[in-house]
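J.: Before I ask anything, let me first share the structure, which is written out below as structure tokens.
The values are calculated or read from the model by the stated rules, or taken from the named source; none is laboratory data. In this text the structure is predicted, and so the values were computed from the model without any measurement. Cβ placement follows ideal geometry from the backbone for every residue including glycine, while neighbour counts extend to all protein chains displayed. Keep in mind that these areas ignore ligands, DNA and RNA; they rest on the heavy atoms of the full protein, side chains included. Shrake-Rupley method; radii C 1.70, N 1.55, O 1.52, S 1.80 Å.
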Amino acid sequence: MIAEKLSYRTHWTIRRYADDAAFAAGMASAVVDADGVELPAVAEIEGNLLLNEGIQLLLDLLIGAGGTAYNNANSYIGVGDSSTAESASQTALQAASNKTYKAMEATYPSRASQTVTWRSVFGSSDANYAWNEFTIVNASTDTGTNLNRKVSSQGTKASGQTWTVDVSITIS
């Protein structure tokens, strides 16, 4: 008997920049968040939960049944302040009001071999609250189809700081 196996790995990277000048220079550094806590320049987070609605859309796209692709024109990374546990049946970020969706940087998402990477930049006036949850969605609001959701406390972004989020999904 031949065993069939599909696996995926998700890796989130948050880079923190003290201000717009540091971001423009590409100089990530440790920052003090809005709660006075020192945070590292780069945070690496493993894993996430694929959401039912995202899996269903991926399968529809695979068979040509239609749907909105997770491409540069449609993809957003969302962050919110909810620490509600991940559940496959969720259809959005769980935050009541503190949630922000940012469009892709130019050339993202991109694919190299079996890995797709998305990247969004949260500028100095964006998402200045506790970062506890993350998603990739194919719209700029909760109305889109969320591919995944990750809960991980990453500090409270302070006004004036720029943080970036990269999400890489590898399928093998």
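J.: Considering only the range 77-87, I want to know if a residue exists there that is farther than 16 Å from residue 150 by Cβ and in a loop (DSSP other than H, G, I, E, B).
T.: Within the range 77-87, not a single residue is farther than 16 Å from residue 150 by Cβ and in a loop (DSSP other than H, G, I, E, B).
J.: For the range 36-52, check the following and say yes or no: at least one residue is of a type outside the set (D, E, K, R) and touching a helix residue (DSSP H, G or I) at 6+ places or on another chain (Cβ under 7 Å).
T.: no
J.: Being touching a residue at least 12 places away in the same chain (Cβ under 8 Å), surrounded by 14 or more Cβ atoms within 10 Å (Cβ to Cβ), closer than 17 Å to residue 148 by Cα and out of contact with any Asp or Glu (no Cβ under 8 Å at 6 or more places or on another chain), is that true of even one residue in the range 40-49?
T.: Within the range 40-49 (the criterion being touching a residue at least 12 places away in the same chain (Cβ under 8 Å), surrounded by 14 or more Cβ atoms within 10 Å (Cβ to Cβ), closer than 17 Å to residue 148 by Cα and out of contact with any Asp or Glu (no Cβ under 8 Å at 6 or more places or on another chain)), the answer is yes, since at least one residue qualifies.
J.: Go through the range 8-27 and count every residue that is of a type in the set (Gly, Ala, Ser) and open to solvent by less than 40 Å² (accessible area, probe 1.4 Å).
T.: Number of matching residues: 1.
J.: Tell me, yes or no, whether the range 54-62 has at least one residue that is crowded, with 22+ Cβ neighbours inside 10 Å, under 29 Å from residue 30 (Cα atoms) and not basic (Lys, Arg).
T.: no
J.: From the list 69, 73, 22, which one is in contact (Cβ under 8 Å) with a residue 12 or more places away in the chain and part of a loop (DSSP other than H, G, I, E, B)?
T.: Only one candidate qualifies: 69.
J.: Kindly evaluate residue 34 against the criterion of being in contact with a Phe, Trp or Tyr (Cβ under 9 Å, 6 or more places away or on another chain), surrounded by fewer than 19 Cβ atoms within 10 Å (Cβ to Cβ) and of a type outside the set (D, E, K, R).
T.: Answer is yes for this residue.
J.: To continue, here is another question. For the range 84-97, which positions are within 15 Å of the chain's Cα centre (by Cα), open to solvent by 50 Å² or more (accessible area, probe 1.4 Å) and closer than 17 Å to residue 131 by Cβ?
T.: Within the range 84-97, 86, 94 meet the criteria.
J.: Sticking with this one: Among (1) assigned to a strand (DSSP E or B); (2) of a type in the set (A, V, I, L, M, F, W, C); (3) within 23 Å of residue 161 (Cβ to Cβ), which single condition is residue 28 missing?
T.: Evaluating residue 28 over (1) assigned to a strand (DSSP E or B); (2) of a type in the set (A, V, I, L, M, F, W, C); (3) within 23 Å of residue 161 (Cβ to Cβ) leaves (1) as the failure.
J.: Condition first: open to solvent by 10 Å² or more (accessible area, probe 1.4 Å) and of a type in the set (S, T, N, Q). Now tell me which residues in the range 150-172 satisfy that.
T.: If the condition is that a residue be open to solvent by 10 Å² or more (accessible area, probe 1.4 Å) and of a type in the set (S, T, N, Q), then 152, 153, 154, 156, 159, 161, 168, 170, 172 are the ones that fit.
J.: Among the numbered criteria (1) in a strand (DSSP E or B); (2) small (Gly, Ala, Ser); (3) at positive phi, which single criterion is violated by residue 64?
T.: The single condition residue 64 does not satisfy is (1).
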